[in-house]
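Notes follow the structure.
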Amino acid sequence: MLNTVGILSLILAGLMIWIGRSAGFRSFLSIGINFLILLLNIRLIAWGFPALVVTLLSALFILATTIFLGNSNDQSNETAFYATLLVLAVLTGLIVLLQGPLSVQGFGNENTEDLEGMSLLVGIQFQQIMTSTMLISTLGAIAEAAIAEATGLTELVKMGSDLTTAEILKHGFSIGHEIIGTALNTLFFGFFGGFLGLFIWYVKLNYHFAEFINNKIFVSEIAMVLISFIGVALTVPLTVIVIRLRAKALKS
């Protein structure tokens, strides 16, 4: 299995470098760095460090790596990074507020057989782990949306003569319409593709619709997707706001 993953990774690296040249190499390098950051994030939480603090610090490094290594335009990168920080702050508050009412931490009834004989006394609150998981699951989507929005709008602002706030907002939301549609479809089909086996399992277990939509595993995953949707949607207006605040600097 490991050999197969290694071969696929080499194929991916070769294609990215062949097609994207230096940009492709930087993007592949960012994947490796982010993987190491995630491993460190897991290790620090396992050692007892505060999960939310560790995750937020990891998120900052992941966003910085993804944005600054994935794009060569420094002005667009700075704008996208500032926008993603704002989105991350909003999503953190939203997740902290919702984690109690959602009650999706821990394992579902379907995990019982797999967990028999295993100790759950790991010294970490599963609610904290769920918060960490939800935050990390949003990073790729909001970084991608922010880079796309910032790149297009930054070039427009640099080329345009003294655009008004209304014009920047108009062009920003026009670009954002396409970004949101693509990003949301990517998240939506990625979710259902990744959990197709789980859905088939529910059908084979003869779950009623009410049991299905209230199942802990399903609710936790759909909550992550919805929070990612919200993050992508927020990225567009917040990126536009950052562009407007930095308009003079971008033109200089």
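The values are calculated or read from the model by the stated rules, or taken from the named source; none is laboratory data. Keep in mind that what you see is a predicted model, and the values were worked out from it rather than measured. Glycine gets a Cβ as well: all are built from the backbone with ideal geometry, and neighbour counts include every protein chain shown. Please note that ligands, DNA and RNA were not included when accessible areas were found on the heavy atoms of the full protein model with its side chains. Shrake-Rupley method; radii C 1.70, N 1.55, O 1.52, S 1.80 Å.
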Exercise for review: Being surrounded by fewer than 17 Cβ atoms within 10 Å (Cβ to Cβ) and under 19 Å from the mean Cα position of the chain (by Cα) is the filter; apply it to the stretch 210-226 and report the residue that is farthest from Met130 (Cα to Cα).
Suggested key: Leu226
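Give the stretch 23-38 a look and list any residue that's in contact (Cβ under 8 Å) with a residue 24 or more places away in the chain and either under 20 Å from the mean Cα position of the chain (by Cα) or open to solvent by 60 Å² or more (accessible area, probe 1.4 Å) (or both), or say none. Reasoning before the result, please.
Here is the first cut: in the stretch 23-38, the residues in contact (Cβ under 8 Å) with a residue 24 or more places away in the chain are 23, 26-27, 29-30, 33-34, 37-38.
Across the stretch 23-38, the qualifying residues are Arg26, Ser27, Leu29, Ser30, Ile33, Asn34, Ile37, Leu38.
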Check your understanding: Hey, Ala46 hits all of (1) open to solvent by less than 40 Å² (accessible area, probe 1.4 Å); (2) farther than 26 Å from Val157 by Cβ; (3) among the hydrophobic types (A, V, I, L, M, F, W, C) but one; which does it fall short on?
Key -> (1)
**Study point:** Every residue from the stretch 39-72 that is over 25 Å from Leu97 (Cβ atoms), hydrophobic (A, V, I, L, M, F, W, C) and touching a residue at least 60 places away in the same chain (Cβ under 8 Å)
**Key:** Ala46, Ile67
Practice item. Might you check whether a residue that is of a type in the set (Ser, Thr, Tyr), at pLDDT below 90 and in a helix (DSSP H, G or I) occurs anywhere in the stretch 49-56? Key: no
Check your understanding: What number goes with the only condition from (1) in contact with a Gly (Cβ under 6 Å, 6 or more places away or on another chain); (2) at pLDDT 85 or above that Ser27 does not pass?
Key -> (2)
**Study point:** Residue satisfying condition, being of a type in the set (Val, Ile, Thr), buried (at least 17 other Cβ atoms within 10 Å of the Cβ) and either at positive phi or free of Cβ contacts under 8 Å to residues at least 60 places away in the same chain (or both), within set Ile179, Ile200
**Key:** Ile179
